[in-house]
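Worksheet for the structure shown next.
The values are calculated or read from the model by the stated rules, or taken from the named source; none is laboratory data. Just so it is clear, the structure is predicted and the values come from calculations on it, not from any experiment. Glycine gets a Cβ as well: all are built from the backbone with ideal geometry, and neighbour counts include every protein chain shown. These area figures cover heavy atoms from the full protein model, side chains too; ligands, DNA and RNA do not enter into them. Shrake-Rupley method; radii C 1.70, N 1.55, O 1.52, S 1.80 Å.
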Amino acid sequence: MQRYFVSPEQFKENTVDISGEDARHISKVMRGKSGDQFIVSDGVSREALVEIASIESGTVTAAIVRPLEMTHEPAVKVTIAQSLPKGDKMETVIQKCTEIGAVSFVPFISERTIVQYDAKKESKRLERWNKIAKEAAEQSHRNTVPRVAQPLGWKQLLATFRNYDAVYFCYEKEEGLQLRDALKPFIGVMPADRSPRVLLLVGPEGGFSEEECRQAEEAGAASVGLGKRILRCETAGMVALACILYESGEMGGV
């Protein structure tokens with residue numbers, strides 16, 4: 001069933017008012033008519049099965065049929081910090097990791113980042129990235145839309161480590177720690193009263209430098225490997241995210 005995200009103020013007591021691009025999609029693309037049903041969520045605390053009551057002047061008014069429980073979000077809140085990759089690879093990361101279960105994304109600039117950062121261009125790209133996250137969240141029936149943050153510098157990113165319960169730095173070392181082994185002690189002490197927050201760092205096409213690894217570890221990150229094969233930068237985050245969710249029980253692990 002089709003799903004749409006709306007702002008909390010669009011939810012009324014018994015109806016939901018949908019406007020803008022979503023209203024156009026319902027009326028023009030989906031050829032919606034009175035009686036058609038779909039799901040709406042405010043991405044915060046309310047979700048409901050609704051039924052089209054009217055379509056007038058670019059606004060779709062839908063009557064709430066029944067409220068729905070918001071049970072599609074993972075217990076572990078994983079943020080993907082991705083060094084800006086070339087081309088449209090960031091779009092792939094956002095789309096696929098949203099489907100898997102990431103709660104937010106932090107693009108950043110590292111030593112070997114090839115992309116030249118341009119604030120004006122990034123503003124437009126950021127708008128597109130957040131749109132991709134919304135569409136992927138709707139397609140995968142998420143209860144919330146992951147947020148894509150403004151790109152950070154390396155030192156800015158290091159300063160955010162304190163906001164997380166665990167930070168994993170994807171970096172291959174000879175005889176280094178593998179992600180599964182790093183997760184075992186964390187999974188065993190996850191707080192029961194709240195969702196633990198995890199930050200996962202993924203480097204650019206050329207990987208991280210040794211100095212960045214040292215700085216990340218000093219800031220509290222655990223350097224982890226993802227197996228014996230070399231993964232592309234747009235693949236590494238997906239693999240690591242799936243491993244974290246599996247080991248935490250999201251996909252039948254633990």
Subject >> Accessible area per residue, Å², region 182-254 with all protein chains present, probe 1.4 Å >> reply: 50 Å²
Subject >> Dmax and Rg, reported as Rg then Dmax, of region 123-197 (C-alpha, Å) >> reply: 16.2, 42
Original post:
Do the sum for the chain: with -39,500 (n - 2.57) for every DSSP H run of n ≥ 4, divided by all residues, what is the mean residue ellipticity at 222 nm, to the nearest 500 deg cm²/dmol?
Top reply: -9500 deg cm²/dmol
Subject >> Per-residue HN-Hα couplings for region 99-109 [Karplus 6.51, -1.76, 1.60; θ = phi - 60°; Hz; x = Gly/Pro] >> reply: 4, 6, x, 5, 9, 6, 9, 10, x, 8, 9
Original post:
Of Glu91, Glu13, Glu212, which is the most mobile in a GNM of the chain whose springs link Cα atoms less than 10 angstrom apart?
Top reply: Glu13
**OP:** Could you grab the relative contact order for the chain? Cα pairs under 8 Å, six or more apart, rounded to a whole percent.
**Re:** 20 percent
Original post:
Extension gain Leu126-Leu231, at 0.36 nm per residue separation less the Cα-Cα distance, in nm?
Top reply: 35.3 nm
Original post:
On average, how much area does the Cα convex hull of the chain cover when viewed from any direction, in nm²?
Top reply: 15.2 nm²
Original post:
Based on the Cβ-Cβ distance from Ala159 to Arg194, what FRET efficiency comes out when R0 is 22 Å, to the nearest 0.05?
Top reply: 0.50
**OP:** Rounded to the nearest 0.05, what FRET efficiency do Ser34 and His141 give with R0 = 30 Å and r taken as the Cβ-Cβ distance? Could you check?
**Re:** 0.75
Original post:
In nm, to one decimal, how far is the modelled label at Glu205 from the one at Met70, with both set 7 Å along Cα→Cβ?
Top reply: 3.9 nm
Original post:
Between their Cα atoms, which of Lys89/Lys124; Lys77/Lys184; Lys121/Lys155; Lys89/Lys228; Lys96/Lys120 are more than 19 Å away from each other?
Top reply: Lys121/Lys155; Lys89/Lys228; Lys96/Lys120
Original post:
To the nearest 0.05, what FRET efficiency results for Gln178 and Lys86 with a Förster distance of 41 Å applied to their C-beta separation?
Top reply: 0.90
Original post:
Percent antiparallel among DSSP beta bridges with both residues in the chain, to the nearest 5?
Top reply: 40 percent
**OP:** At 7 Å along the Cα-to-beta-carbon direction for both Thr59 and Glu217, put a label point, then send me their distance in nm to one decimal.
**Re:** 5.9 nm
**OP:** Over region 109-203, with every protein chain in place, what whole percent of the accessible area is carbon and sulfur at 1.4 Å, could you tell me?
**Re:** 49 percent
Original post:
Taking the chain as a Gaussian network, Cα atoms linked when under 10 Å apart, which of Val103, Val60, Val93 shows the biggest mean-square fluctuation?
Top reply: Val60
**OP:** Can you work out the accessible area per residue across region 1-98, with the rest of the protein chains kept in place, probe 1.4 Å, in square angstrom?
**Re:** 50 Å²
Original post:
Over the Cα atoms of region 1-71, what Rg and Dmax result, in angstrom?
Top reply: 10.8, 34
**OP:** Calculate the spin-label point distance for His25 paired with Gln116, positioning each point 7 Å from the Cα along the beta-carbon direction, and give it in nanometres.
**Re:** 3.5 nm
Original post:
How would you order 18-30, 196-208 from highest to lowest mean count of nearby Cβ atoms within 10 Å?
Top reply: 196-208, 18-30
